[in-house]
Every structure is written in structure tokens, then in C-alpha cells.
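Only one structure is covered here, and it is reproduced in the block below.
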Amino acid sequence: MPRYLISFEKGSMDHIPEEDFPEVGKASHAVCQEAKDAGVFRFGGGLSYDDGDVEHAVVGTDGLVTDGPYLEGTELIGGFMTVDVPTREEALAWAAKIAAACRCPQDVRKFLHDPDLIE
């Protein structure tokens, strides 16, 4: 079955007042639980950028570590969910639910099929 990445960019939730974040968290967890109950949730979560660690690091083919985005203007992912659903339409329906819960648009991308990597 195809797998899809549903994600949003870092900063996409900056418009939400801080006092609303508990409600947003509860709503997004409810969608994830619904996806788990439906048997389509694979993995997901928000990415931390505010805990004092470097925002982003790139490891080159030579093993050299560079702090910061690889290319200027690179968009960082703020959060994501992966789902295993039979159709693009179903992936878009899950994205609509998580968009409403997180109060921000979601990007939907299909993973390339690789029988050596997908169970």
C-alpha cells in the first residue's frame, strides 16, 4: 500500500496564540489517534527547534558536519505524519484533518515504492 508524508513547514503555526497551543495539541493528537485506530498511522511528530540545540545540521558525504540549512532559504519541516493508505484521495483526507487540527496547511507527498524498504 502506498505511504504518504503529510507535513508542514517550521513557522506555519506562528500565527496561533500561545494560549491556544494546548487545544491545538489535543486536536492534533486526536487526529493521530484516529489514524492509529484506522490502522493507517505509521509515524509522526513535531520537530524541536527551541531547545537550545542547533536548528539544523547537514552531514556531507565526507562526514563533515555543517550547522544550519544546506542551502540558503531551505524550508525546515515543523511537523509530520506518515500514513499508509491505498489512494491519494485518502491521504488528502487525512491531511485535511491534520490541517484543521494544527491550523495550518499541509504538504502531501507520496513515498517512492521500494520493496526492499517497505514491509
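The table below gives the values:
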read-out: In segment 1-31, residue nearest to GLY79 (Cα to Cα) [restricted to those that are touching a strand residue (DSSP E or B) at 6+ places or on another chain (Cβ under 6 Å) and not in a strand (DSSP E or B)]; value: LYS10
read-out: In segment 55-66, residue modelled with the highest pLDDT [restricted to those that are closer than 17 Å to GLU9 by Cα and part of a loop (DSSP other than H, G, I, E, B)]; value: HIS56
read-out: Where a residue in segment 86-98 is within 18 Å of VAL24 (Cα to Cα) and its partner, wherever it lies, is part of a loop (DSSP other than H, G, I, E, B), with Cβ under 8 Å and at least six apart; value: TRP94/VAL40; TRP94/VAL85; ALA95/GLN106; ALA96/GLN106; ILE98/GLN106
read-out: Count - residues of segment 83-107 that are in a strand (DSSP E or B), crowded, with 18+ Cβ neighbours inside 10 Å and within 12 Å of the chain's Cα centre (by Cα); value: 1
read-out: Filtered residue count, segment 6-31, keeping only those that are surrounded by fewer than 20 Cβ atoms within 10 Å (Cβ to Cβ) and either within 13 Å of PHE80 (Cβ to Cβ) or among the aliphatic types (A, V, I, L, M) (or both); value: 7
read-out: GLY44, sole failed condition from (1) touching a residue at least 24 places away in the same chain (Cβ under 8 Å); (2) loosely packed, with under 13 Cβ neighbours inside 10 Å; (3) not hydroxyl-bearing (Ser, Thr, Tyr); value: (2)
read-out: Those residues of segment 44-54 which are at pLDDT 75 or above and of a type in the set (Gly, Ala, Ser), in sequence order; value: GLY44, GLY45, GLY46
read-out: Hits in segment 67-100 (condition: farther than 17 Å from ARG42 by Cα and at pLDDT below 95); value: ASP67, GLY68, PRO69, TYR70, LEU71, GLU72, GLY73, THR74, GLU75, LEU76, ILE77, GLY78
read-out: One residue from HIS15, HIS29 being without any contact (Cβ under 8 Å) to a residue 24 or more places away in the chain and more than 16 Å from LEU92 (Cβ to Cβ); value: HIS29
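The values are calculated or read from the model by the stated rules, or taken from the named source; none is laboratory data. Computed from a prediction, not measured in an experiment: that's the story for all the values here. Neighbour counts are summed over all protein chains in view; Cβ atoms, including those assigned to glycine, are modelled from backbone coordinates with ideal geometry.
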